[in-house]
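The values are calculated or read from the model by the stated rules, or taken from the named source; none is laboratory data. Fair warning: this is a prediction, and the values are worked out from it, not measured in the lab. Note that we place each Cβ from the backbone using ideal geometry, even for glycine, and neighbour counts take in every protein chain shown.
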Amino acid sequence: MDTTQYMDVFIDESNEHLEVLYKQLLELEKNPTEKAIIGEIFRAAHTLKGMSATMGYNDLANLTHKLENVFDGIRYDKITVQTDMMDILFETVDHLNAMVEDISSGGDGKRDVSQIVSYLERIEKGDQIEQAGETVQKPSVSQSSLKTITTLDEFEIAILNESAERGFSNYEITVTLRDDCLLKGARVFMVFEVLEKLGEVIKSEPSVNDLEEENFENSFTVILVSKQGEQEIQDKIKKVSEIDNVEVNHFSIATYEKGSKQNAVKQDNETANDQSKSSSTNSEKSTVKSSANKTIRVNIERLDVLMNLFEELVIDRGRLEQISGELNHQDLQETVERMSRVSGDLQSIILTMRMVPVDQVFNRFPRMIRKLARDLNKNVAIDIIGAETELDRTVIDEIGDPLVHLIRNAMDHGIETPQERLKKGKPEQGTIRLQAYHSGNHVFIEIADDGAGINKEKVLEKAISNEVISRNHAETLTDKQIYELIMESGFSTADTISDISGRGVGLDVVKNTIESLGGNISIDATVDKGSIFSIQLPLTLSIISVLLVELKEEKYAIPLSSIIETAIIHKDQIMHAHNKKVIDFRGKVVPLAFLNDIFNVSQEDTNDSDFVSIVIVRKGDKMAGLVVDSFIGQQEVVLKTLGNYLSNVFAISGATILGDGQVALIVDSNALIK
C-alpha cells in the first residue's frame, strides 16, 4: 500500500493528537481522577496508534500502544494516577513527538525507547517505578469472562434452523487475543477473512462496528454456519498471529431458546437498555462525524495564489469605482457598488482563512515551563492572556522558535530560585506572563517575568569590555537602549553559560527572525522586579482599509486600524512642551508629527491657511497626531512590499497602487509614536 500521498495528513493529525496528549496530561496532573480527561488521552493515543500502524511506523505505534494500555488501566480504575508516573507519561509523549518530527523531516521514526517502555510496563502492572525486582502479574482473561452470544433475532434463528436442516453445522466460536496484541482491529479483520472462507458468519458479539472500533477487551464470539469440522476451523483461525486461544463449540438452537425463555424478562430489560445506549451513542457519533466532515485541509500555497488573484481584483475594483464616478452613469455605479459589497465579503473570507489563533504556539509553553522548572529546581507558573488573538499562518510558523528562546531565558536568568525569592520578600512561586493583543495593524506579544530583571551596570560594563560601544557613547544611552545591547551577536552577561540558555547568547537570532517578519522587539526591565520583552508583528494582511491623505502633490495611506479620529484645528491650538509641538486632545497632551518634515516633502509653496489637518493615531496607550495637508477619503488597498533594497525605510510599511495607477506609500504610524 502506497502511503506517501497521505503523509501530509498523517503529520498534521499526529501533531494535533500529540498536542491533545500534552494539554490533557497537564490537566490530569491537576485533576488525577477526572474521567473526561483520562478518556480524552486514551482516545488520542488510540487514534495515533492506529494511524502510525497503518502508515507502517511500528516503533511509533508500539510506544503509543504501551501508553494506551496504561490509560486503559487508569480509566477502569486498575491503575491510580500518581505524581511519580506523570514524568514518565510526559517523557513518553516527548519520545512520540520526536518520532513524528523525525518522520516529518524524511526519517523512519525509529528511536530507542526500551527504557521508557519498561517504565510503562511497570506502571501497567502496578509496580512502583523505582522497583526493579518482582512485579505483580497482570491477571489473565479467565474462562468465565469470555463473550457468549446472548441475543438472536427471529431472522437469525430462522437461518440457523434452515442451515441445520440442510446439513450445515452451527458453531459458536470464541477467539481470545493475546494481552500484548498491538492492533486488535486488524486481527479481528484477519479472523473474519478466515471465517468467510470457511462459511458464513451469522452473528458476532460484540457487534462488527464495536470490533472495528476496538471497543472490546481481548475476546469476541461469533456464530458460524459451515460444513467444515471443529478442528479444521480451530487450526485455520490459530494461524492468525497474536491469537491466544480459540474455542469452537456446536451451537444448539434448542438449548439457546430454552435459556432465552428462562431469562426472557431479564433479557428484555437488558436489550432495551442496550438499545437505548446504542441509539444515544450512535446519535452522538453521527453528530461528531457530521461536524468533523465540515473541515478540510488546504495547502497554504493555494491560499497564497488565491490571495494574489484577489489583490489584482481589488486594484481593478478601485479603477472601476473611479471610472464610474467620472462617468456618473447610474447603472454602472449601482453595478460597481454591488461588486464592491460582494468582493468585500469575499475578501473577509479569504483573510479569515489565513488567520489562526496564536494559541497554536502558546499551548506548547506550559509543558515546557513545567519541565524547565523541574530541571532548574524552580517554582514557576505561566499566565497566558489573549491566546485567541489571530495572526497570519506564515507568521505563526516562524514566531514559535523566538518565543521558545525568550521563555527559556526568562526561566534560566529571569526567575530566581525559591530561596532567593523569599530573601527578596517575593512569593516563592515566580510567574511568567505571556500576552498577545491587537494594536492597530499589528499584533503585540509580551513575555514578562517577575524575576531579577536586568542589571544595567553589568550590561554596560560587558558592552564596553567587548568593545560593542565606547565609554563616551555609553553615557548617552537610555535605559531601553542599554537593555537592547543584550541582543547584540555573542553578547552575554552570564558568568557561566548554561545548557538552558544564556541571556544574550542567541538573542541576536531572535531579533533577526522577528525583523525578517517585518516586526521589532523592545526590552524594558527593573532590577528585582522583572523584565518585559515586547514583540511587535505585522498582521501581514495584504488588503487593508486606509485613509488616503495628501502631502503637497503626494498621496499617502494611513491604516484605519491605527486611527482614532481626524480633526481640523486652528494653529493657535498648537502648544509647545519639552521642545515639541503638542495639542490638547480630550484632556490628553498629544505630540504632533509633521509628515511633510518626516518624509522630506517639498515645502516650496507656503501654506497660508490658519487651520491644520490632523490624524490622531494610537499604539497601545500612547497617541500621536499626524499633521497632513488634506484628507482624500477612505479606501481599501492592496499592500505591496517595497522590496529588499527599501526594506528599512523609516515609518513606511509598504506601498499600494491606486485606481488611477498612482503609487501611494503606506505610513507605519507605530514607528512615529514615541
Given (1) modelled with pLDDT under 90; (2) crowded, with 18+ Cβ neighbours inside 10 Å, I447 misses just (1)
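One line per residue, one yes/no per condition, for (1) surrounded by 14 or more Cβ atoms within 10 Å (Cβ to Cβ); (2) under 29 Å from I385 (Cβ atoms); (3) in the same structural domain as E446 (by TED's automatic domain parsing):
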{"position": "S324", "(1), (2), (3)": "yes, no, no"}
{"position": "L327", "(1), (2), (3)": "no, no, no"}
{"position": "E337", "(1), (2), (3)": "no, no, no"}
{"position": "R341", "(1), (2), (3)": "no, no, no"}
{"position": "T352", "(1), (2), (3)": "no, yes, no"}
{"position": "F365", "(1), (2), (3)": "yes, yes, yes"}
Evaluate the following for S226: is it in contact (Cβ under 8 Å) with a residue 60 or more places away in the chain, crowded, with 17+ Cβ neighbours inside 10 Å and among the small types (G, A, S)? no
Of the residues in region 429-464, those that are more than 21 Å from D528 (Cβ to Cβ) and among the hydroxyl-bearing types (S, T, Y) come to Y437, S439
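Kindly establish whether H405 is touching a residue at least 12 places away in the same chain (Cβ under 8 Å), touching a helix residue (DSSP H, G or I) at 6+ places or on another chain (Cβ under 7 Å), closer than 19 Å to I447 by Cβ and not small (G, A, S).
Working: touching a residue at least 12 places away in the same chain (Cβ under 8 Å): yes; touching a helix residue (DSSP H, G or I) at 6+ places or on another chain (Cβ under 7 Å): yes; closer than 19 Å to I447 by Cβ: yes; not small (G, A, S): yes.
Spelling it out, H405 is indeed touching a residue at least 12 places away in the same chain (Cβ under 8 Å), touching a helix residue (DSSP H, G or I) at 6+ places or on another chain (Cβ under 7 Å), closer than 19 Å to I447 by Cβ and not small (G, A, S).
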The correct count of residues that are over 19 Å from the mean Cα position of the chain (by Cα) and either closer than 19 Å to K511 by Cβ or not in a strand (DSSP E or B) (or both) in region 430-463 is 19
D127 fails exactly one of (1) more than 27 Å from N245 (Cα to Cα); (2) at pLDDT 85 or above; (3) acidic (D, E), namely (2)
### Task
Kindly indicate whether any position in region 203-217 is at pLDDT below 85, of a type in the set (S, T, N, Q) and in a helix (DSSP H, G or I).
yes
*Would region 593-616 turn up any residue that is under 29 Å from M307 (Cβ atoms), assigned by TED's automatic domain parsing to the domain that holds V667 and either β-branched (V, I, T) or modelled with pLDDT under 85 (or both)?*
yes
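Regarding E19, is this residue in a helix (DSSP H, G or I) and free of Cβ contacts under 8 Å to residues at least 40 places away in the same chain?
On the way: in a helix (DSSP H, G or I): yes; free of Cβ contacts under 8 Å to residues at least 40 places away in the same chain: no.
No.
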Pairing a residue in region 377-397 that is touching a residue at least 24 places away in the same chain (Cβ under 8 Å) and not assigned by TED's automatic domain parsing to the domain that holds Y437 with any residue that is outside any helix (DSSP H, G or I) and exposed (fewer than 15 other Cβ atoms within 10 Å of the Cβ), where Cβ atoms lie under 9 Å and the two sit 6 or more apart in sequence or on different chains, gives none
